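Working notes for the structure below.
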Amino acid sequence: MLFEGKMTDSGFDNRITQLFGIQYPIIQAGMIWASGWRLASAVSNAGGLGLIGAGSMYPDVLREHIQKCKAATSKPFGVNLPLLYPDIDKHIAIIIEEKVPIVFTSAGNPKTWTGKLKENGITVVHVVSSAKFAKKCQDAGVDAVVAEGFEAGGHNGREETTTLCLIPHVRQSINIPLIAAGGIATGRAMYAMMALGAEGVQIGSRFVCSPEASSHQAFKEAVVAANEGDTVLTLKELTPVRLIKNEFYQRVAAAEENCATKEQMEELLGRARAKKGMFEGDMTEGELEIGQVSSIINDIKPAANILAEIWTEFAETAKNPFRF
Ligand SMILES: Cc1cc2nc3c(=O)[nH]c(=O)nc-3n(C[C@H](O)[C@H](O)[C@H](O)COP(=O)(O)O)c2cc1C
């Protein structure tokens with residue numbers, strides 16, 4: 001037996017709830033242009049772990065969000081730091097100064113910053129999309145790993161491994177705590193992931209559709225309207241990203257069909273397209289990052305309700321997995 005989890009009167013007890021000091025092993029994903037202090041503090045106050053998405057924030061904006069989050073919750077919360085963005089050293093300095101207890105790093109080498117963060121008493125989690133990189137994380141000394149499958153919204157791995165195949169493989173490959181991500185929006189999906197060896201879940205797309213998410217209302221409504229087949233993993237020549245197939249995507253697809261060079265793709269993508277779509281609400285020219293699971297997201301509701309519904313369904317499923 002590698003690890004064990006059990007239901008308790010107040011939630012769940014396992015390595016993930018112990019590591020973060022939370023009630024439920026449910027993590028709200030760090031998301032550019034969606035997860036600021038409002039969403040992170042709402043999820044943490046509801047018993048999960050809220051993450052501020054630093055990827056879309058200048059250093060002074062990140063500091064402001066951290067301070068507001070501290071004022072809005074006395075519960076643990078964290079910061080998600082995609083290592084591919086500029087100003088990483090400034091972000092790290094602010095995280096240390098502000099005494100953020102937990103950092104989820106992604107899109108980079110876990111060796112680069114884990115040591116420094118851990119020297120400062122910070123719990124470090126790194127996001128991967130393969131068992132090979134999960135092992136590298138373990139070797140780099142991270143406290144836990146998020147394994148994110150092909151279904152997930154946002155940037156993703158080139159291997160295109162689905163969450164269903166990824167989680168058992170990563171489970172076999174590492175001993176440290178494992179969090180599943182990609183395609184999880186219900187308690188039943190959470191149960192499935194935990195049955196495959198995950199000890200917690202990281203949920204992105206579902207939390208975009210909450211009033212607390214900072215994304216534009218038009219984007220949230222587009223996510224609710226999205227159906228099967230409406231998202232695609234694209235821009236693989238640059239950094240693969242799953243997004244809604246809007247007019248911007250059609251131009252990307254046409255360019256790919258015409259064998260556009262990497263430079264031409266970079267020019268087509270331009271700058272600030274994610275902000276334009278998800279934050280400013282340009283549904284035709286913006287980059288609209290969201291997961292396949294958007295096909296079963298049908299409403300916008302408070303983050304605390306989302307979390308409570310997922311938890312209740314998980315607990316009911318755990319009692320009787322075969323009743324529908
Ligand atoms: C709008 C959006 C923005 C995202 N931004 C980030 C990010 O800044 N950093 C990161 O590590 N992952 C990011 N992701 C991925 C999420 O952290 C998470 O792993 C993913 O959403 C899980 O899959 P799901 O969308 O199916 O729940 C983003 C996802 C979405 C939907």
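Does at least one position in region 139-150 carry a residue that is open to solvent by 30 Å² or more (accessible area, probe 1.4 Å), of a type in the set (A, V, I, L, M, F, W, C), modelled with pLDDT of 95 or more and closer than 26 Å to Met278 by Cα? The answer is yes, given that some residue of region 139-150 is open to solvent by 30 Å² or more (accessible area, probe 1.4 Å), of a type in the set (A, V, I, L, M, F, W, C), modelled with pLDDT of 95 or more and closer than 26 Å to Met278 by Cα.
Tell me, please, whether a residue that is under 19 Å from the mean Cα position of the chain (by Cα), away from the ligand (no atom under 16 Å from the Cβ) and buried (at least 24 other Cβ atoms within 10 Å of the Cβ) can be found in region 35-42. Talk me through it step by step, then tell me what you get.
Just the residues of region 35-42 that are under 19 Å from the mean Cα position of the chain (by Cα), to begin with: 35-42.
Filter once more, keeping what is away from the ligand (no atom under 16 Å from the Cβ): 41-42.
Those still in the list that are buried (at least 24 other Cβ atoms within 10 Å of the Cβ) too: 41-42.
Within region 35-42, one or more residues are under 19 Å from the mean Cα position of the chain (by Cα), away from the ligand (no atom under 16 Å from the Cβ) and buried (at least 24 other Cβ atoms within 10 Å of the Cβ).
Contact annotation: residue pairs with Cβ atoms under 8 Å, 6 or more positions apart or on different chains, pairing a residue in region 196-207 that is not assigned by TED's automatic domain parsing to the domain that holds Ile290 and assigned to a loop (DSSP other than H, G, I, E, B) with a partner that is aromatic (Phe, Trp, Tyr) and more than 6 Å from the ligand (Cβ to nearest atom), are Glu199/Phe3. Leu243 meets each of the listed conditions (1) within 20 Å of Gly53 (Cα to Cα); (2) part of a helix (DSSP H, G or I); (3) within 18 Å of the chain's Cα centre (by Cα) apart from (2).
Looking across region 3-33, the residues that are farther than 18 Å from Val142 by Cα and loosely packed, with under 14 Cβ neighbours inside 10 Å come down to Glu4, Lys6, Met7, Thr8, Asp9, Ser10. Against the criterion of being assigned to a helix (DSSP H, G or I), over 21 Å from Val208 (Cα atoms) and within 13 Å of the ligand (Cβ to nearest atom), Leu166 qualifies. Every listed requirement among (1) farther than 18 Å from Leu84 by Cα; (2) in contact with a Ser or Thr (Cβ under 8 Å, 6 or more places away or on another chain) is met by Ile26 save one, (2).
Rundown of residues vs (1) more than 18 Å from Ile290 (Cα to Cα); (2) surrounded by fewer than 21 Cβ atoms within 10 Å (Cβ to Cβ); (3) in contact with a helix residue (DSSP H, G or I) (Cβ under 8 Å, 6 or more places away or on another chain), yes/no style:
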| residue | (1), (2), (3) |
| --- | --- |
| Trp113 | yes, no, yes |
| Gly121 | yes, yes, no |
| Cys137 | yes, no, yes |
| His155 | no, no, no |
| Glu159 | yes, yes, no |
| Ile167 | yes, no, yes |
| Val170 | yes, no, yes |
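Restricting attention to region 62-89, the residues that are crowded, with 23+ Cβ neighbours inside 10 Å and without any contact (Cβ under 8 Å) to a residue 12 or more places away in the chain add up to 0. The condition of being open to solvent by 10 Å² or more (accessible area, probe 1.4 Å), within 12 Å of the ligand (Cβ to nearest atom) and either at pLDDT 95 or above or part of a helix (DSSP H, G or I) (or both) holds for only one of Gly108, Gly55, that being Gly55. Taking region 191-240 as the range and being buried (at least 22 other Cβ atoms within 10 Å of the Cβ), within 12 Å of the ligand (Cβ to nearest atom) and under 21 Å from Leu166 (Cα atoms) as the test, the residues that pass are Met193, Val201, Gln202, Ile203, Gly204, Ser205, Arg206, Thr231.
The values are calculated or read from the model by the stated rules, or taken from the named source; none is laboratory data. This one's a predicted model, so the numbers in the text were calculated from it and none came from an experiment. Because the Cβ atoms are built from the backbone with ideal geometry, glycine has one as well, and the counts that use them run over all protein chains shown. All accessible areas refer to the heavy atoms of the entire protein, side chains included, with ligands and DNA or RNA removed. Shrake-Rupley method; radii C 1.70, N 1.55, O 1.52, S 1.80 Å.
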